[in-house]
Amino acid sequence: MVGGAEWYVYNISKQLVKMGHEVHVYTAKKYGGQEEKSEEIIDGIHVHRFPFKIDWTYRLKVWDGLKQSLSSGSFDIIHTYDYAQTHTSSALSVSKRLGIHSALTVFDIHSMIPRTWFKQVPMRIFERFFAKGILDSADSILVRAPTLVKPLTKLGIDNEKIIVTPSGINDESLGTFDGKAFLREHGINGSPVILFLGRLNPLKGPQHLISVAPTLIKKYPNIAFIFVGADQSGYADYLKELSRKLGVEKNVYLLGPIYEYVEKMKAYASCDVFALPTSYEGTSQAIFEAMSQARPIISTNTGGIPFQIEDGKEGILLPYGDNSQLLRSIERLVEDRDFASKLGNSAKEKVKAFRYSTLASELFRIYESTVKGKLRQTPEFESIPKPRR
């Protein structure tokens, strides 16, 4: 899959390369059923890909040769992502053995994510018995939003190791993109336009937008619901069937994933409202990007989203699964264009602090502090209170 984590690594790596640093990214060789090149340089980033030794489930994947390759490199710091992946354990074990400093990014606390019981139980067991050991082995722990600090300290993690360093946007994202051309290219004539961008997965909540579509279509017959994102586990077929059952298929556009940068930004520029009625996000890359195009946001008051969006200032936040509030929020933003414009302009102004050029400089300072053993909150976010242990 390609999601927020992958975009973040790509964009922050590009920025670090621009700053003159040597960056190596280690990842899997298999993607979408196809095998990619083992070695490649992309935008100055040295990419190393590994076949799977074990490929059982999303969580149980073991890369063949990762430890050996990491051991042969001469790195100042090893930065790994997601504490519940086997590649993180491998990377941290190499860093300890060779005396290389390490950083670990935590996007989400996995036991906090709403899941079915058969997925929730193993994550709770993992966090109770294994997570602390993995997290403790990293020299610094980076989190996307301050809401993740307290759950980590509850796991017994040293508060002094935790630093808030969010995701963000490319500087170019603040520019102008042709949303009307995007609509023409995809044969979309409707208005107003409601955009969802994210993986097509029930946890992300696209089904809630389709559920409120019948009522909105009665009021706005030409309203268009655009869904951009990779299908996960065949959920796109479910959304198509739901649209058909509700009689809204003519107003629903499932476009699949868009990876090309300009085309993706044109998608944001095309909408009147960006809606992500998700069940949980550490933080949302898509929300930041929609903010850069001055779009009013509708999302949920879960995870790190309230760190990105203040209710009534940059967007509207609502409880997950509250379709009546979702419906009323869309109606309000469609009807009150002055209010929608005010939210969008405030969103664009706020997201300027989250440009990758700024974030990469802050990340480099974190790396320096990690290597020197003197961790500190970075200046950009030092005002965020850190909970007492």
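The values are calculated or read from the model by the stated rules, or taken from the named source; none is laboratory data. Since we're looking at a predicted model, the values are computed, not measured. Please note: Cβ atoms are built from the backbone with ideal geometry, for glycine as well, and neighbour counts cover all protein chains shown.
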Taking the criterion of being assigned by TED's automatic domain parsing to the domain that holds His208, in contact with a Cys (Cβ under 8 Å, 6 or more places away or on another chain) and modelled with pLDDT of 95 or more, would at least one residue in region 293-303 satisfy it? yes
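Okay, residues lined up against (1) among the basic types (Lys, Arg); (2) surrounded by 13 or more Cβ atoms within 10 Å (Cβ to Cβ); (3) closer than 30 Å to Met123 by Cα; (4) at pLDDT below 95:
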| site | (1), (2), (3), (4) |
| --- | --- |
| Lys18 | yes, yes, no, no |
| Glu22 | no, yes, no, no |
| Lys29 | yes, yes, yes, yes |
| Gln34 | no, no, yes, yes |
| Ile41 | no, no, no, no |
| Gly44 | no, yes, no, no |
| Arg49 | yes, yes, yes, no |
| Leu60 | no, no, yes, yes |
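Against the condition out of contact with any Pro (no Cβ under 7 Å at 6 or more places or on another chain), of a type in the set (D, E, K, R) and over 26 Å from Pro306 (Cα atoms), how does Lys132 come out, does it pass? Give the steps one after another, and end with the answer.
On the way: out of contact with any Pro (no Cβ under 7 Å at 6 or more places or on another chain): yes; of a type in the set (D, E, K, R): yes; over 26 Å from Pro306 (Cα atoms): yes.
Yes: the conditions hold for Lys132.
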Which residue pairs have Cβ atoms closer than 9 Å, lie 6 or more positions apart in sequence or on different chains, and pair a first residue in region 25-40 that is touching a residue at least 40 places away in the same chain (Cβ under 8 Å) with a second residue that is of a type in the set (D, E, K, R) and part of a strand (DSSP E or B)? Tyr26/Arg49
It is to be established whether one or more residues within region 180-201 are in contact with an Asp or Glu (Cβ under 9 Å, 6 or more places away or on another chain), of a type in the set (Lys, Arg) and not in a helix (DSSP H, G or I). yes
Residue in region 163-185 that is surrounded by fewer than 18 Cβ atoms within 10 Å (Cβ to Cβ) and farther than 25 Å from Gln293 by Cβ present: no
Tell me, which residue of region 271-291 that is charged (D, E, K, R) and crowded, with 22+ Cβ neighbours inside 10 Å is farthest from Asp171 (Cα to Cα)? Glu281
Touching a strand residue (DSSP E or B) at 6+ places or on another chain (Cβ under 8 Å), touching a residue at least 12 places away in the same chain (Cβ under 8 Å), buried (at least 16 other Cβ atoms within 10 Å of the Cβ) and not assigned by TED's automatic domain parsing to the domain that holds Ala347, is that true of Val143? yes
Ile78 being of a type outside the set (Asp, Glu), buried (at least 18 other Cβ atoms within 10 Å of the Cβ), modelled with pLDDT under 95 and under 26 Å from the mean Cα position of the chain (by Cα): no
Residue count for region 330-356, restricted to those that are over 16 Å from Ser167 (Cα atoms), within 25 Å of the chain's Cα centre (by Cα), surrounded by 14 or more Cβ atoms within 10 Å (Cβ to Cβ) and touching a residue at least 40 places away in the same chain (Cβ under 8 Å): 5
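Tell me the residue from Ile113, Ile157, Ile125 that is surrounded by fewer than 22 Cβ atoms within 10 Å (Cβ to Cβ) and free of Cβ contacts under 8 Å to residues at least 24 places away in the same chain, please.
Working: Ile113 fails: free of Cβ contacts under 8 Å to residues at least 24 places away in the same chain; Ile157 fails: free of Cβ contacts under 8 Å to residues at least 24 places away in the same chain.
So the residue among Ile113, Ile157, Ile125 that is surrounded by fewer than 22 Cβ atoms within 10 Å (Cβ to Cβ) and free of Cβ contacts under 8 Å to residues at least 24 places away in the same chain is Ile125.
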Out of region 258-293, which residues are in contact with a strand residue (DSSP E or B) (Cβ under 9 Å, 6 or more places away or on another chain) and among the basic types (Lys, Arg)? Lys264
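How many residues are surrounded by 24 or more Cβ atoms within 10 Å (Cβ to Cβ) and not hydroxyl-bearing (Ser, Thr, Tyr) if we restrict to region 261-270?
Initial filter on region 261-270 (surrounded by 24 or more Cβ atoms within 10 Å (Cβ to Cβ)): 265, 267, 270.
Right, trim to not hydroxyl-bearing (Ser, Thr, Tyr) and you get 265, 267.
Counting residues in region 261-270 that are surrounded by 24 or more Cβ atoms within 10 Å (Cβ to Cβ) and not hydroxyl-bearing (Ser, Thr, Tyr) gives 2.
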Is it the case, given these coordinates, that Lys132 is part of a helix (DSSP H, G or I), under 30 Å from Gln68 (Cβ atoms), without any contact (Cβ under 8 Å) to a residue 60 or more places away in the chain and in contact with a Ser or Thr (Cβ under 7 Å, 6 or more places away or on another chain)? no
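Being touching a Lys or Arg at 6+ places or on another chain (Cβ under 9 Å) and either within 30 Å of Arg128 (Cα to Cα) or in the same structural domain as Glu349 (by TED's automatic domain parsing) (or both) is the requirement here; does Phe225 meet it?
Details: touching a Lys or Arg at 6+ places or on another chain (Cβ under 9 Å): no; either within 30 Å of Arg128 (Cα to Cα) or in the same structural domain as Glu349 (by TED's automatic domain parsing) (or both): yes.
For Phe225, the condition - touching a Lys or Arg at 6+ places or on another chain (Cβ under 9 Å) and either within 30 Å of Arg128 (Cα to Cα) or in the same structural domain as Glu349 (by TED's automatic domain parsing) (or both) - is not met.
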Are any of the residues in region 297-304 over 14 Å from the mean Cα position of the chain (by Cα) and surrounded by fewer than 18 Cβ atoms within 10 Å (Cβ to Cβ)? yes
Looking at region 241-286, which of its residues are touching a helix residue (DSSP H, G or I) at 6+ places or on another chain (Cβ under 7 Å), more than 22 Å from Arg355 (Cβ to Cβ) and assigned to a helix (DSSP H, G or I)? Leu242, Ser243, Leu246, Glu249, Asn251, Ser270
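Could you please let me know if Lys14 is out of contact with any Pro (no Cβ under 8 Å at 6 or more places or on another chain), in a loop (DSSP other than H, G, I, E, B) and either among the aromatic types (Phe, Trp, Tyr) or at pLDDT 90 or above (or both)? Show your work before the answer.
Working: out of contact with any Pro (no Cβ under 8 Å at 6 or more places or on another chain): yes; in a loop (DSSP other than H, G, I, E, B): no; either among the aromatic types (Phe, Trp, Tyr) or at pLDDT 90 or above (or both): yes.
In short, no.
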